[in-house]
1. Restricted to the stretch 41-69, and to residues that are in a helix (DSSP H, G or I) and of a type in the set (Gly, Ala, Ser), which residue is farthest from ligand 2 (Cβ to nearest atom)?
2. Out of everything in the stretch 119-129 that is on the phi < 0 side of the Ramachandran plot and in contact with a strand residue (DSSP E or B) (Cβ under 6 Å, 6 or more places away or on another chain), what residue ends up being nearest to ligand 2 (Cβ to nearest atom)?
3. Regarding the stretch 107-117, can at least one residue be identified that is assigned to a loop (DSSP other than H, G, I, E, B) and more than 18 Å from the chain's Cα centre (by Cα)?
4. Any chance you could count how many residues in the stretch 202-236 are within 20 Å of the chain's Cα centre (by Cα) and either at pLDDT below 95 or hydrophobic (A, V, I, L, M, F, W, C) (or both)?
5. Those residues that are within 17 Å of LEU135 (Cβ to Cβ) and either within 15 Å of ligand 1 (Cβ to nearest atom) or within 16 Å of the chain's Cα centre (by Cα) (or both), I need them from the stretch 15-61; list them, please.
6. Every residue in the stretch 258-276 that is touching a residue at least 60 places away in the same chain (Cβ under 8 Å) and either closer than 17 Å to ARG23 by Cα or surrounded by fewer than 24 Cβ atoms within 10 Å (Cβ to Cβ) (or both), please.
7. If you check every pair at least six apart or on different chains, which have Cβ atoms under 7 Å apart with a residue in the stretch 217-230 that is touching a residue at least 60 places away in the same chain (Cβ under 8 Å) and under 13 Å from HIS258 (Cβ atoms) first and a residue that is within 12 Å of ligand 1 (Cβ to nearest atom) and hydrophobic (A, V, I, L, M, F, W, C) second?
8. Select the helices (runs of 4 or more DSSP H) contained entirely in the stretch 145-252, then report the ones holding at least 3 residues which are buried (at least 19 other Cβ atoms within 10 Å of the Cβ) and either more than 16 Å from ligand 1 (Cβ to nearest atom) or among the hydrophobic types (A, V, I, L, M, F, W, C) (or both).
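The values are calculated or read from the model by the stated rules, or taken from the named source; none is laboratory data. Quick caveat, the model's predicted, so the values are computed rather than measured. Methodologically, a virtual Cβ is constructed for each residue, glycine included, from the backbone with ideal geometry; neighbour enumeration extends over all protein chains shown.
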Amino acid sequence: MTVRHFLTLFDLSPDELETLVRRAIVLKRLRDRGEPHMPLTGKVLAMIFEKASTRTRVSFEAGMAQLGGTSFFLSPRDTQLDRGEPVEDTARVLGRMVDVIVIRANNQAMIERFAAHSRVPVINALSDLHHPCQLLADIQTWVEQRGMVRGRTAAWIGDGNNVCHSWIEAARQFGFTLRIATPKGYEPNADIVKAAGDHAVLSSDPKAATRDADLVVTDTWASMGQEEEKAQRMKDFTGFTVDRALMKLAKPDALFMHCLPAYRGYEVAAEVIDGPQSVVWDEAENRLHAQKALLELLLTPSAH
Ligand code: CP
Ligand code: NVA
């Protein structure tokens with residue numbers, strides 16, 4: 001059997017994604033009821049993170065423990081990767097010792113090279129191009145709050161970054177429209193936009209993008225690795241803050257989402273992220289449940 005990786009949302013079919021979201025909701029209920037569910041007893045997860053993380057690392061570690069397995073965390077500094085051992089060799093070796101590998105990398109290409117030489121599933125925990133695990137939790141949250149998302153409209157306001165790319169791919173896979181408003185020069189990857197057809201609509205007007213939207217989502221204006229551009233970006237993104245006035249243009253019951261970490265007063269006003277339309281804490285919690293459903297799917301495929 002060929003090994004299945006999760007490097008972008010296209011590694012699962014639309015049907016598998018919908019099943020995964022429903023399964024995440026079931027796993028959340030099991031945990032709320034305190035019912036143990038340990039299908040991964042004896043399985044081992046390795047995490048390689050080239051960048052910082054709070055939610056992703058903790059949700060994978062906690063999730064693996066709750067499913068009965070164990071995990072350990074590696075920064076490249078602690079391994080031979082930083083001393084020049086090839087990614088391919090590291091993948092071959094780790095794949096013979098553990099059951100699943102989660103990688104947060106500076107470049108998507110590193111994760112793809114790793115996956116190509118790993119005999120166990122590799123999960124993308126964020127790269128410069130994608131953050132597919134985030135979208136599993138985001139869609140779970142949207143479904144929990146509003147039922148099915150097919151045919152609905154979300155507005156992405158801000159930087160056309162890795163999380164935006166995964167939102168575009170989610171729009172294709174789950175059948176909704178994503179209106180994207182970015183400052184000029186900060187548009188998402190043109191190939192990803194083009195492949196999305198009518199599912200992604202670009203503009204540089206936050207108001208037009210937000211009007212009558214079912215959901216508004218944003219992210220930091222300066223992602224990890226862009227620290228040196230921060231001052232310039234703060235200027236260039238003026239007018240792209242999601243504040244109460246902007247949210248008023250969306251549907252009255254529109255939700256607000258943010259993958260976190262958030263920077264109040266920049267990409268989002270405190271009145272929005274801490275206000276009644278915000279579902280960011282559920283969104284963060286759902287990282288745990290959605291990734292548990294993903295681990296189950298990749299490690300116990302016959303059960304699905
Ligand atoms: N949203 C997210 O991936 O958060 P961390 O960087 O804290 O993992
Ligand atoms: N776009 C952000 C997301 C952090 C979870 C970054 O890459 O830093």
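1. Taking the stretch 41-69 and keeping what is in a helix (DSSP H, G or I), we get 55-66.
Cutting the leftovers down to of a type in the set (Gly, Ala, Ser) gives us 59, 62-63, 65.
Details: SER59: 12, ALA62: 17, GLY63: 17, ALA65: 22 Å.
Looking at the filtered set, the residue picked out is ALA65.
2. Here is the first cut: in the stretch 119-129, the ones on the phi < 0 side of the Ramachandran plot are 119-125, 127-129.
Right, trim to in contact with a strand residue (DSSP E or B) (Cβ under 6 Å, 6 or more places away or on another chain) and you get 120-123, 125.
Values: VAL120: 25, PRO121: 21, VAL122: 19, ILE123: 15, ALA125: 10 Å.
Ranking the candidates gives ALA125 first.
3. Going through the stretch 107-117, the residues assigned to a loop (DSSP other than H, G, I, E, B) turn out to be 107, 117.
If we keep only those that are more than 18 Å from the chain's Cα centre (by Cα) as well, we get 117.
There is at least one residue in the stretch 107-117 that is assigned to a loop (DSSP other than H, G, I, E, B) and more than 18 Å from the chain's Cα centre (by Cα).
4. Filtering the stretch 202-236 down to residues within 20 Å of the chain's Cα centre (by Cα) leaves 214-226.
Then drop every residue that is not either at pLDDT below 95 or hydrophobic (A, V, I, L, M, F, W, C) (or both), which leaves 215-217, 221-222, 224.
Here the count works out to 6.
5. LEU17, GLU18, LEU20, VAL21, ALA24, SER53, ARG55, THR56, SER59, PHE60
6. If we filter the stretch 258-276 for residues that are touching a residue at least 60 places away in the same chain (Cβ under 8 Å), which is where we start, we get 259-261, 267.
Listed by number, the residues that qualify are LEU260, PRO261, GLU267.
7. Cβ pairs passing all conditions: VAL217/MET257; ASP219/VAL163; ASP219/CYS259.
8. Working: elements: 162-174, 190-195, 206-210, 230-236, 244-249.
The qualifying helices (runs of 4 or more DSSP H) are 162-174, 206-210.
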